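Read the figures in this text as sums done on the coordinates, not as results from a lab. Every value quoted in this text rests on a predicted model; they were computed, and no experiment measured them. With ideal geometry, Cβ positions are generated from the backbone for all residues, glycine too; neighbour counts draw on all protein chains shown.
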Amino acid sequence: MSDRFQIIGASEVAGLLKEYKDNLLDQNVIDQDIYDKLGKMPSYLETRYSLAKKLMLDREQFKRFNEYNSNKAMQRGKECEEMVKDDFIQQDTAHIDLGDGVFKMTVVIDEKQTQKEKLIKGCKFPFRATIDYLLSDGWLLECKTTDIAQWFKIENEGCPFNYEIQANAQMWLHGKENCYVHIAGVQTIYKDKLTGLVLKKPQHQILESKPFIIKYDKQIINAIQASLIWFSAEFEKGSLLIKDDADKVKKDKQIDEFLEIEKGTLELPLNSDLSAKLGRLKELAELVKEHDKLDKEIKAEIRKSMEGFSMARFKSNQFEIEAKYSKESYHDEASINEAIEKAKSITIGDVKSVKKLTIKY
């Protein structure tokens with residue numbers, strides 16, 4: 001499966017619907033029932049802020065972010081997908097109750113990881129849905145896992161509504177009417193019970209599981225389209241990149257922490273809106289100001305520490321000039337900079353000294 005670089009995925013839109021739920025209700029895109037379900041969805045979903053930041057990453061940054069963002073739940077889902085599919089087939093052999101005395105059985109899997117994209121008018125980013133499996137009768141199968149300790153939520157509340165939104169997105173793009181969401185409660189063992197040593201590969205075991213039937217819902221599809229169009233308009237204005245720290249959820253903090261690690265190397269796509277570029281440039285300009293301020297403070301401390309000394313030692317974070325390669329004395333910033341430039345060309349034997357230099361002044 002190819003990456004989602006500058007593409008919005010079916011699993012990411014639920015958070016947008018939750019954030020736009022008031023607009024969706026006001027404009028009669030959704031009814032009160034869907035509005036209430038959106039409000040009850042978990043807070044760990046993608047937000048407008050975090051998604052906007054992700055869509056501004058370049059391809060290499062996007063790959064690094066996925067590695068940074070990886071967690072045990074995501075890894076468990078990938079490792080258990082085949083196991084969950086097999087569990088579904090095993091249950092399906094005993095028939096699935098469709099209600100009103102109607103039973104259904106499907107055991108043949110036709111395709112895996114089929115993906116389709118759609119360009120929605122008014123949305124600058126392609127929308128993609130990747131299905132786990134296409135069944136022989138044309139139904140879709142989406143495999144999900146949860147920690148067995150959280151299984152009570154599935155028993156009490158049923159299929160999470162964000163899964164229903166994802167399933168509808170998949171049905172919409174793939175032209176289907178029905179989808180199974182098969183959820184497995186998994187126990188994962190990370191250590192050997194006898195030795196207590198960490199296992200090279202975690203062991204997963206399905207203790208509980210349940211299939212849910214999700215039918216195509218036009219209201220949800222309309223809500224997805226409207227939300228993507230609104231999101232794209234806000235992205236173009238650059239208004240999504242600013243959010244008060246107090247309002248940031250876990251997803252927002254994750255992308256901020258990653259960008260902090262990247263140290264301002266964020267690159268914008270060439271076709272992005274100028275206002276978005278200016279917004280990012282403004283952020284970088286503020287970072288430069290903070291850096292320059294700190295740099296001046298450090299230099300002032302260095303000068304202060306030199307008072308009363310005829311000889312001292314100076315190290316920059318880029319160059320060190322060993323004293324034995326220089327008999328000169330450096331006592332001000334200009335002579336230090338001159339020494340650095342001179343030291344770059346110093347040759348010791350057959351080895352040119354470029355980045356390891358120490359100035360003695």
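A few remarks follow.
- Rounded, prolate or oblate (a/c below 1.5 giving rounded, otherwise prolate when a/b exceeds b/c) for the stretch 8-262 by Cα gyration tensor: oblate
- Shape of the stretch 165-209, Cα gyration tensor, a/c cut at 1.5: prolate
- Centre-to-centre, using Cα atoms only, the stretch 173-195 and the stretch 1-75 are separated by 21 Å.
- Listed residues H204, I165, V186: farthest to the positive end of the dipole of the stretch 8-262 (Cβ charges): H204
- Rg/Rg_globular for the stretch 1-77, with Rg_globular taken as 2.2 N^0.38 Å and Rg from C-alpha atoms: 1.28
- Coil-residue trypsin sites (Lys or Arg not before Pro) of the stretch 32-84, DSSP, other Cβ within 10 Å capped at 13: K40
- When the convex hull of its Cα atoms is viewed from all sides, the stretch 105-194 shows a mean projected area of 8.8 nm².
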